[in-house]
Amino acid sequence: LNRQSFPKGFLFGTATSAYQVEGETHQDGRGPSIWDAFVKIPGKIANNATAEITVDQYHRYKEDVDLMQNLNFDAYRFSISWSRIFPEGTGKINWNGVAYYNRLIDYLIQKGITPYANLYHYDLPLALEQKYQGLLSKQVVDDFADYAEFCFKTFGDRVKNWMTFNEPRVVAALAAVQRYRQNYQEKQKGRIGILLDFVWFEPLTSSKADNDAAQRARDFHVGWFIHPIVYGEYPNTMQNIVKERLPNFTEEEVKMVKGSIDFVGINQYTTYFMSDPKISTTPKDLGYQQDWNVTFNFAKNGTPIGPRAHSEWLYNVPWGMYKALMYIKERYSNPTMILSENGMDDPGNITLTQGQNDTTRIKYYRDYLAQLKKAVDDGANLTGYFAWSLLDNFEWLSGYTSRFGIVYVDYKDLKRYPKMSALWFKQLLKRDQK
Ligand code: FCB
């Protein structure tokens, strides 16, 4: 496997998100996001960790971009912190924040790294949560579109690849798309997409009941977002189950939503066996999706679905990536796709030596990339791949107890140390091989 195994122009990058890597959450004019408030609630985050410093990319971005270049990556997927640009979510602009993203983008370009900018990665401005309950309100649609438009106008001369939402709320995401298409796309010659988190759901047995369970899970998990975009309506399974609780698109919204992206970003980490709850022998209720009416299984006849990473939701199942990509290709008329996140974690408390010696991660990436290549060879319209993540960083609820980086961070002095997996990528991505 090497760079030449993939089509010409196929991009390789790493991915991060603003809240997870930037730090400097209180200074330089940034307003708080909902995560700044959440991490302060005792007991929510492992060891009550915060992201006030995390890996300090706000100040160390040059070092990080140099690393990307040194490791032969082509692209960087980062996110813009909405409350760093608009501290109150709307209205007043924080020009220090604008200057930061200008510095980052300029430096990426100077180093030959293509910027992929994501407008929203869970970090809603706290002010909007307080004002109207944030994403639960339709008011967020206009505020998000204004913020997005400001970013297109300010950074779009250099950023040609935009992503609206990591895990979208469809209408809000697509209102921003409309602004881009109307006002900027032609001029700036860029493209815009969304990011879908896509666990592959494999039926536990070949029974019809388990097949239906797996299909329900796919529809609720990704169909919810991509189905309206391709077909202008929610998937049938959802319509039948959620009924009147499912919002109706107005005719105007259908027009806006249908065909409203240039590419789909797919975050793909893992796979589960799904079964119908009535016949399952190992019920496991993950608690947050009653409507799905499915049982998640991490094993079949006592054999785990794959080796587990540190996070308890993450099993190494490369074949699931192939199936997920082919599913999107076949059911959703082969849209342009990028694989926008993929990776695995180690425990946070390992030493530098243990961290750097990450042979399991190399195997993970090698096996997943082989499946990605197989999907490309079988016609899936993929144009890029991003590893999660460049660096160990603040992993949401897990805080610093989980390390996803291909570069180890020593949290005592924030020094970066490439792991063996980073050097493996460097070799894979060498440009001069035959
Ligand atoms: C993804 C998130 C990303 C990171 C990885 C491990 O679902 O988008 O921020 O937490 O999981």
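The values are calculated or read from the model by the stated rules, or taken from the named source; none is laboratory data. Worth saying up front: this structure is predicted, and the values here are computed from it rather than measured. Note that each Cβ is placed from the backbone with ideal geometry, even for glycine, and that neighbours are counted across all protein chains shown. For the accessible areas, the whole protein counts, side chains as well, though only heavy atoms, and no ligand, DNA or RNA atoms are used. Shrake-Rupley method; radii C 1.70, N 1.55, O 1.52, S 1.80 Å.
Worth a mention:
- GNM result for the chain, Cα springs below 10 Å: residue of Thr360, Thr50, Thr16 fluctuating most strongly: Thr360
- Remark: the stretch 330-343, residue by residue, has Karplus-estimated 3J(HN,Hα) of 7, 7, 10, 6, 6, x, 5, 10, 10, 8, 8, 8, 6, x Hz, where x stands for each Gly or Pro and the curve is 6.51 cos²θ - 1.76 cosθ + 1.60 at θ = phi - 60°.
- Rg in Å to one decimal, and Dmax rounded to a whole Å, for the stretch 301-412 via C-alpha atoms: 15.5, 49
- Residue of Pro125, Pro42, Pro347 that the Gaussian network model of the chain assigns the largest fluctuation, springs spanning Cα pairs under 10 Å: Pro42
- Global geometry of the stretch 85-134, whether rounded, prolate or oblate, following the gyration tensor of its Cα atoms and the 1.5 cut on a/c: oblate
- Every Cα-Cα pair in the stretch 55-124 was counted, and those over 16 Å apart are 50% of them.
- Binning all Cα-Cα separations of the stretch 1-71 at 5 Å, short to long from zero, yields these whole-percent fractions: 3, 13, 18, 18, 13, 11, 9, 6, 7, 1.
- Cα-only radius of gyration and Dmax that characterise the stretch 7-126, units Å: 15.0, 50
- Taking N as the residue count of the stretch 102-195, its C-alpha radius of gyration divided by 2.2 N^0.38 Å amounts to 1.10.
- Charged-residue dipole, Cβ positions (Lys, Arg, Asp, Glu), the stretch 180-256 about Cα centre, Debye nearest 20: 300 debye
- Sequence of Glu202, Glu186 from largest to smallest accessible area, 1.4 Å probe: Glu186, Glu202
- Each 10 Å bin from zero up to the one holding the largest Cα-Cα distance in the chain carries the following percent of pairs: 4, 21, 32, 29, 12, 1.
- The GNM of the chain, with springs linking C-alpha atoms under 10 angstrom apart, assigns the highest mean-square fluctuation among Trp319, Trp95, Trp224 to Trp95.
- For the stretch 133-264, the share of alpha carbon pairs falling in successive 5 Å distance bins from zero is 2, 10, 18, 20, 18, 13, 8, 6, 3, 2, 0 percent.
- Gap separating the Cα centres of the stretch 173-229 and the stretch 406-434, nearest whole Å: 31 Å
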